[in-house]
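Have a look at the structure below, then the notes.
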Amino acid sequence: DEQIVDLHVRVVRAFVKAMRAVDPTIKIIVEGHLDRDFSTELNKRVMKMSEIYEGVNYVDIHYYYPWTFTEFIRHGKPIDSKDVDIDELWNAWAGSPLIDENGYSYLPLYTKDELMPHVRQVVLEWNCAGWSRAPEGYPVIKNLSHLKGISAAGYLNALMRAGDRVDIACQSMCLGRGWDLGAINYDPENPLNFFFRSAGLSTAMYSKFHG
């Protein structure tokens, strides 16, 4: 682990030094993930090392909830996926990214104590990502695109309330057909026929009234 930490810091410092040599005025963002779960102890140890922030302006974390459900608990007791009520699953999806004890949407951002004072946070990728094709035994949700629109609204709510720590946040997959979480899709028979999906409509509403 110590070798990984040391290597990560040395590589980042080398890149930052080379980029600053070309243009000392640029703003530099470092990726805040060493693995999928940025909250691991290894990841936190790297991000706490002051050497990694020399010449760095921002730390970036990508968020994709709920991903996939691997465990189901009802009233504190594990249950089989086949016994999950479809309304329960809908509510779990609609509750993404995460819900705190007061019922508010939130993202597990770095705390101010976990970063150097001059470093801000950015979220260059966020979206409601999960399986639209359910594995065997997994409850199937209909109108999943509509549900992802509700989730997108949850992300936006969480990010708005984190404005004191997050300077930039970008919805990912804004245009395309390969993922059903895209904001804008198009008709393959008529590529000029673009249309919004629910996640895109949520973001467009935010842009109209708040952004």
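Remarks
- Flag for Asn185 being touching a residue at least 12 places away in the same chain (Cβ under 8 Å) and over 22 Å from Phe209 (Cβ atoms): yes
- If the condition is being without any contact (Cβ under 8 Å) to a residue 12 or more places away in the chain and not small (Gly, Ala, Ser), then region 55-79 contributes Thr70, Glu71, Ile73, His75, Lys77, Pro78, Ile79.
- Residue in region 84-118 that is farthest from Ser198 (Cα to Cα), counting only those that are without any contact (Cβ under 8 Å) to a residue 40 or more places away in the chain, in a helix (DSSP H, G or I) and out of contact with any strand residue (DSSP E or B) (no Cβ under 8 Å at 6 or more places or on another chain): Asp113
- Restricted to region 160-176, and to residues there that are of a type outside the set (A, V, I, L, M) and either in contact with a Cys (Cβ under 9 Å, 6 or more places away or on another chain) or surrounded by 12 or more Cβ atoms within 10 Å (Cβ to Cβ) (or both), the residue that is farthest from Leu115 (Cα to Cα) is Gly176.
- Some residue of region 37-59 being open to solvent by less than 70 Å² (accessible area, probe 1.4 Å), acidic (Asp, Glu) and modelled with pLDDT of 80 or more: no
- On inspection, Ser151 fails the criterion of being open to solvent by less than 50 Å² (accessible area, probe 1.4 Å), closer than 26 Å to Tyr58 by Cβ and in contact with an Asp or Glu (Cβ under 9 Å, 6 or more places away or on another chain).
- Residue selection: Tyr65 fails the criterion of being touching a strand residue (DSSP E or B) at 6+ places or on another chain (Cβ under 6 Å) and either at pLDDT 90 or above or more than 17 Å from His118 (Cα to Cα) (or both).
- With respect to being within 15 Å of His62 (Cα to Cα), modelled with pLDDT under 85 and open to solvent by less than 60 Å² (accessible area, probe 1.4 Å), Ala129 fits the description.
- Residue within region 140-152 that is farther than 19 Å from Ile99 by Cα, free of Cβ contacts under 8 Å to residues at least 40 places away in the same chain and of a type outside the set (A, V, I, L, M, F, W, C) present: yes
- Those residues of region 72-116 which are among the polar types (S, T, N, Q) and surrounded by 15 or more Cβ atoms within 10 Å (Cβ to Cβ), in sequence order: Ser81, Ser96, Ser105
- Subset of region 183-207 (residues that are modelled with pLDDT under 90, open to solvent by 80 Å² or more (accessible area, probe 1.4 Å) and under 19 Å from Ala152 (Cβ atoms)): Phe194, Phe195, Phe196
- Pairs linking a residue in region 1-22 that is more than 20 Å from Arg45 (Cα to Cα) to a residue that is of a type in the set (A, V, I, L, M, F, W, C) and open to solvent by less than 80 Å² (accessible area, probe 1.4 Å), with Cβ atoms under 8 Å and 6 or more positions apart or on different chains, are Met19/Ile26; Met19/Ile28; Arg20/Ile26; Arg20/Ile28.
The values are calculated or read from the model by the stated rules, or taken from the named source; none is laboratory data. The structure displayed is predicted, hence computed values, not measured ones. Positions of Cβ are backbone-derived with ideal geometry, glycine not excepted, and every protein chain shown enters the neighbour counts. In case anyone asks, the SASA skips ligands and DNA or RNA and just uses the protein heavy atoms, side chains included. Shrake-Rupley method; radii C 1.70, N 1.55, O 1.52, S 1.80 Å.
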